[in-house]
Each structure stands twice: as structure tokens, then as C-alpha cells.
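Encoded as C-alpha cells, here's the structure I'll be asking about.
The values are calculated or read from the model by the stated rules, or taken from the named source; none is laboratory data. As the structure is a prediction and not an experimental result, all values here were calculated from the model. Here the Cβ positions follow ideal geometry from the backbone for every residue, glycine too, while neighbour counts run over all protein chains shown.
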Amino acid sequence: MLASGIAASAAHLRIDRASPMALLGRRRWQVLVGLVVAVALPALIRWPDSAFEFSAASLNNALFGTVAAVLSGYYLTRKLAAFPGLQVFSFILPTFSGTYGLMAVGLLLTRHDCSRFQLLASFLIAVAFFHCAFLVERRTRRPRLAIVPHGDVDQLMQSTRVDWSLWPSPDRLPDRHDGLVADLRADLGEAWEAFLARCALAGIPVYHSKQVYESLTGRVDIERLSENTLGSLIPSSVYAQLKRGLDILLAVLVLPLIVLICAAAGVLIKLDSRGPVLFIQDRVGYRGRPFRIYKLRTMSVSAEGRHYTEGEDPRITRVGALLRKYRLDELPQILNILKGEMSWIGPRPEAEPLAEWYQREIAFYSYRHIVRPGITGWAQVNQGNVARPEMVKFKLHFDFYYIKNFSPWLDLVITAQTIRTVLTGFGSR
């Protein structure tokens, strides 16, 4: 999220010197021009028609509705765009479809007449316009940051989303930069500490390297966790309760469809190989409590098992490969959701033997159990399934980022990314 704020400050230094088209990279212009072209323009197109006036109730209702749809769609898109690595273009169409759809349903339920031309034209123009606006923004608002050359900052400079420059001396303030990054955990010395203070007083944003790293990568560096850090990782209890209710509601709504899919898959599994339809395994879940997870069987029952799966694993059956590719083997876990053991979204639960080993080897590992495990999660859509135990530490970076940024916005991003994952088979093993 910090990357979005950094990019916003970059506009004042970089876009003012660009072409007039680059004004679309500035948020106030995006909102203003978006309202003009997506709300006022369709009304002006129909205005010359006889029997169509601005005072007509249908047009007034449509005007108010489209203003609300544009503003709410833009706000939601901005919230989603704040997460690292997100291709915001893939969210513009579904987001504005949702806001315009809700607005149309609201007008229908309240029996308010509205102009269908205004609604349709406004929607199409808004989607096209904001695609262009975000494209311009991506090309013109690349932040430029100076880095204090002390402490652990080398891995930051590997990111290609920012123009980096090592600042050579504390004697001169960074000009033509959008901010300054420093490792505030390092011993910088009096000269550099005074330099940071002068930058702050001069209005130059000073960012902690840890915050910038998390914002650019979507990971939390668990090797540097401390007791103070853990306090900031406690998720919102209010949203946790709301999310539990939404989990149950969605599970009840899709249960009939999932039963049909699992029944069809069960027939194919029985025809393909000998053994039970379901695979049941003990996992460690919410608050470290063990539970039994349900999956469609995708492996031969005669194969000697490991607790992890590698690509082209010979134990996987023909039907199992198809189920794993599109994550259909996870569908029986709707039972775990209804029982309160899992959520739709959260860190993936590990098998008990692996969880016990990870707890001995990795500090703070058990802290990932502070939220309910999920069928999908931030690590799954960014990293895919983990093939080796040694990769779990890297996976934890994503899990801790999810816990630290636990919110409906991040869950919405994961939902959309999961749909892409299911359609493409990304990260399956």
C-alpha cells in the first residue's frame, strides 16, 4: 500500500513537466475528467432529442446514479491497486460492472425510473476511460527514491517498480526525488540521523526500508520479526467476525453446485483408479488446533507418500492431475468451512508432522495460526503450491503479509487472483 502513496507523491515532481495527456496520471484529474466524459457526455449526446430534457426524472435519476457508480468504482479500484504486484487493469471491468450493477438494481427496487441509454453509455465510457487513465498513470508516475547507503537496503534495489539512487552524502538534500528510504534499524551515525531530520523538515517523505520492502513485494521479512512486530500483526477482530459470517453464507449458497461437481469427480476418480473418493488428512488449523481436512483423492493409494508434492509426481493419477490443475480437489473443504475449521481465504493449513517440524525450525511459525486457514490465500496466488519444505520459510513471508494487512480489500484481491489461478492452472503441482 505504501507504494501507492509513494507513486502519488511522485506526481507533483514528475507529471507537471510532462505532456497535457499525462495529467490523466493525477488522481484529481482522473476523477474530474472521468465524471465529465462518463456522466455529462452521455447526457449531452441525448439532450438535443425532442422529448428529452435535463429536467426529466429518468435522466436526473440516471445522472445521480452514474455519479455514484463512477466515484465508488474509482474508489474500489484504487483500494485494490494499493496491493503489490497487482495488475489493476484486470479489476477495472469487474469493479465498475459491480458498482453500475448495484446502482441499477437499487433504482429498480426503489421503483425510480432512469435512462437506460445514460446507464449503458456511462458504463462503457467509464471502463474505457479509466483503462486509459491507469495506463497513463503507470507510464508517468514511476517513483524515484533516494536510499541511505547503510543497513539492509540491497534487496530493495532489486525491485524494478522504482527508480533507485544511492544518496552519496548527508551534506545535501535529495532534489528531484519523491522520497528517501533508510533502514531505521541500522546504526546510521549522527550525520545521517541529522540528515533524515532535515529531510523531514524540508517536506521530503522519509520511508523505513522495511515498510517499502513489504509494500513492493507483498511479503513480511520473518527473519527480522521481533516481539514489537508481532503486536502489529494482530488482525482486526471486527472483520474476522464479519468474514466468518460471509464464509458461511457463501458456503450455503454454493453447496448444491459443489455437491454436483464432487459427485461427478467422484465417479471419474473411481473409474480411473482403485481407492476411496476422498482423501482425509490431519492438519493444524486455527489457533493451532488439529482438524481433519477433506480433499478429492488425486493420488494412487498404493504410493508411498510424502507430505509435499513435486511437479510431475508419479503418484498423481490422470484424473488427479486435472483436478489439481484447476484446484477442484479442494472443493470438499466446504465441509471444513461449515464446521468453522477453515475459511475461503487464509494461509493454507499444513499436515501435523510438517507443522511440528516447521515450529521447531522457524521462529514465530505458529503465529500464522492466528487466523483461520483457507482454501486459497495470498501465498497461493503469488507463489503457487510449495514443493519443498525449505520453501515454506519464503511462503511464510506472504502469509505474514496477509495477516498484517488482513482486510476485505486484500480478500477481494485474492478472490480475483484465485479466479485467474483456477482458469490458468498457475502454480499447481
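Looking at Phe83, Phe134, Phe96, can you tell me which residue is part of a helix (DSSP H, G or I), of a type in the set (A, V, I, L, M, F, W, C), closer than 29 Å to Gln417 by Cβ and in contact (Cβ under 8 Å) with a residue 40 or more places away in the chain?
It is Phe134.
Taking into account only those residues within region 128-147 that are buried (at least 19 other Cβ atoms within 10 Å of the Cβ) and in contact with a helix residue (DSSP H, G or I) (Cβ under 6 Å, 6 or more places away or on another chain), which is farthest from Ser215 (Cα to Cα)?
Once the filter is applied, the top-ranked residue is Phe129.
Another question, if that's okay. Scan Val277, Val252 and give me the residue that is loosely packed, with under 14 Cβ neighbours inside 10 Å and among the hydrophobic types (A, V, I, L, M, F, W, C).
Val252 is the lone residue from the list that is loosely packed, with under 14 Cβ neighbours inside 10 Å and among the hydrophobic types (A, V, I, L, M, F, W, C).
Another one. Report yes if Ala121 is outside the structural domain of Val206 (by TED's automatic domain parsing), under 22 Å from the mean Cα position of the chain (by Cα) and surrounded by 14 or more Cβ atoms within 10 Å (Cβ to Cβ), otherwise no.
Values: outside the structural domain of Val206 (by TED's automatic domain parsing): yes; under 22 Å from the mean Cα position of the chain (by Cα): no; surrounded by 14 or more Cβ atoms within 10 Å (Cβ to Cβ): yes.
It is false that Ala121 is outside the structural domain of Val206 (by TED's automatic domain parsing), under 22 Å from the mean Cα position of the chain (by Cα) and surrounded by 14 or more Cβ atoms within 10 Å (Cβ to Cβ).
Would you mind finding the one in Phe394, Phe406, Phe398 that is outside any helix (DSSP H, G or I) and out of contact with any Leu (no Cβ under 8 Å at 6 or more places or on another chain)?
Criteria check complete, one pass: Phe406.
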